[in-house]
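Visitor: Take this structure, written in structure tokens, and hold onto it; I'll ask about it next.
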Amino acid sequence: MAEVAKSLNLLSPDNPVFCCYCFWAGLLLLKMLLMTLITAVRRLTKKSFANPEDLALSKATEVNFHDPDVERVRRAHRNDLENILPYLLIALAYITTAPNIIVARLLFCIVAISRIFHTAVYAFRPIPQPSRAIAFFVPFTITLYMTFCVIIQMAKYV
């Protein structure tokens with residue numbers, strides 16, 4: 001019972017690791033929400049709509065699924081959905097393992113900054129590889145690391 005209480009305290013504002021997670025998670029979620037708006041703005045400015053009923057928003061006359069600028073933003077947003085959401089879930093579980101405060105805070109910061117940079121070089125200012133690959137694999141590797149930490153730590157309770 002004491003271990004359950006300790007885990008609950010780990011997910012409270014009294015835990016600096018949890019507070020750091022909440023800050024960086026909030027920034028990443030805000031970035032993902034902004035990607036939705038950016039996609040909509042791109043569609044409006046490029047008059048590139050995916051649904052016939054949206055054509056009334058502009059003078060576009062046909063549905064267009066192939067505008068490269070709109071598709072680039074959409075791919076970046078999809079990449080966020082595929083990578084940030086799993087990261088947020090496992091990072092929350094990682095907090096319950098009582099990780100080293102400095103390591104955990106550093107990992108949260110690196111993931112968030114890397115994902116923001118990934119969006120910048122993917123959706124807005126394409127830069128030659130390996131910039132995007134590095135911005136992808138650094139947080140991906142951290143997510144794997146956190147996943148293994150959680151699995152190893154929680155295996156003793158199974």
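The values are calculated or read from the model by the stated rules, or taken from the named source; none is laboratory data. Remember, predicted model here, so these are calculated numbers, not experimental data. Positions of Cβ are backbone-derived with ideal geometry, glycine not excepted, and every protein chain shown enters the neighbour counts. Surface areas here come from the heavy atoms of the whole protein model, side chains and all, with no ligands, DNA or RNA. Shrake-Rupley method; radii C 1.70, N 1.55, O 1.52, S 1.80 Å.
Visitor: Using Cα positions and a limit of under 15 Å, work out the aspartates and glutamates in reach of LYS47, with same-chain residues fewer than 8 apart set aside.
Guide: Reachable aspartates and glutamates: GLU62, ASP67, ASP69, GLU71.
Visitor: If you don't mind, there's one more thing I want to ask. For the chain, what size does the Cα cloud have along each of its three principal axes, sorted from largest down, in whole Å?
Guide: Result, largest extent first: 65, 34, 28 Å.
Visitor: Sticking with the crude label model, points 7 Å out along Cα→Cβ, report the distance from LEU89 to ILE134 in nm, one decimal please.
Guide: For LEU89 paired with ILE134, the spin-label model returns 3.1 nm.
Visitor: Return the FRET efficiency for the residue pair ALA50, LYS156: r is the Cβ-Cβ distance, R0 is 41 Å, and the value is rounded to the nearest 0.05.
Guide: Calculated transfer efficiency: 0.25.
Visitor: Ignoring ligands, DNA and RNA, please state the percent of accessible area on the chain from carbon and sulfur, probe 1.4 Å.
Guide: 69
Visitor: Between ARG75 and ILE102, what length comes free when the chain is fully extended (0.36 nm per residue of separation minus the Cα-Cα distance, one decimal in nm)? Display every interim value, and only then the final one.
Guide: Working: separation 27, 0.36 × 27 = 9.72 nm, distance 3.32 nm.
That pair, ARG75 and ILE102, stretches by 6.4 nm at full extension.
Visitor: So, R0 is 30 Å and r is the distance between the beta-carbons of VAL63 and LEU27; what FRET efficiency does that work out to, to 0.05?
Guide: After rounding to 0.05, the efficiency reads 0.30.
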